[in-house]
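Accompanying notes for the structure given below.
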Amino acid sequence: MHEPTLSETAQAILDYLRRNPEAQDTLEGIVQWWLPEQRFTPRVATIKEALQELIDAEFISEHRGKDTQVSYRITTLGLREADAKLSGNSDAPPGRLHRNR
């Protein structure tokens, strides 16, 4: 079976969030619910790296709850980028996340 790359994993997370813009979940929830829905099973380490890349690009944000659990959700910029990729209007190089400044 193909081991998903970091870029593929980040894109799968963005794709899920584009379809579910109100979604917010922990790493465990992303592993259990978001990616299996897409028949996508990267290693947890790859998912962590992809989440950090998406945070660095400001496509998703992380929030620490009162219970100290960290959850992730899409930002306005991330939603615009995901929509732009879907319509083919993104200027992001394939396989590379970046933030338009």
Can you name the residue in segment 1-22 that is among the β-branched types (Val, Ile, Thr) and surrounded by 14 or more Cβ atoms within 10 Å (Cβ to Cβ) and, of all such residues, is nearest to Glu58 (Cα to Cα)?
Ile13
For residues that are farther than 22 Å from Leu77 by Cβ and of a type in the set (A, V, I, L, M, F, W, C), scanning just segment 39-56, find the one that is surrounded by the most Cβ atoms within 10 Å (Cβ to Cβ).
Phe40
Can you go through Asp25, Asp67 and tell me which one is surrounded by 16 or more Cβ atoms within 10 Å (Cβ to Cβ) and either of a type in the set (D, E, K, R) or free of Cβ contacts under 8 Å to residues at least 12 places away in the same chain (or both)?
Asp25
Restricting to segment 39-81, count the residues that are within 16 Å of Leu6 (Cβ to Cβ) and either aliphatic (A, V, I, L, M) or assigned to a loop (DSSP other than H, G, I, E, B) (or both).
14
How many of the residues in segment 3-38 are assigned to a helix (DSSP H, G or I), out of contact with any Phe, Trp or Tyr (no Cβ under 8 Å at 6 or more places or on another chain), more than 20 Å from Leu77 (Cα to Cα) and not hydrophobic (A, V, I, L, M, F, W, C)?
4
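No lab work stands behind these numbers, since they all come straight from the coordinates. From a predicted model like this one, the values you see are computed outputs, not experimental measurements. When we count neighbours, we look across all protein chains shown, and the Cβ atoms used for this are built from the backbone with ideal geometry, even at glycine.
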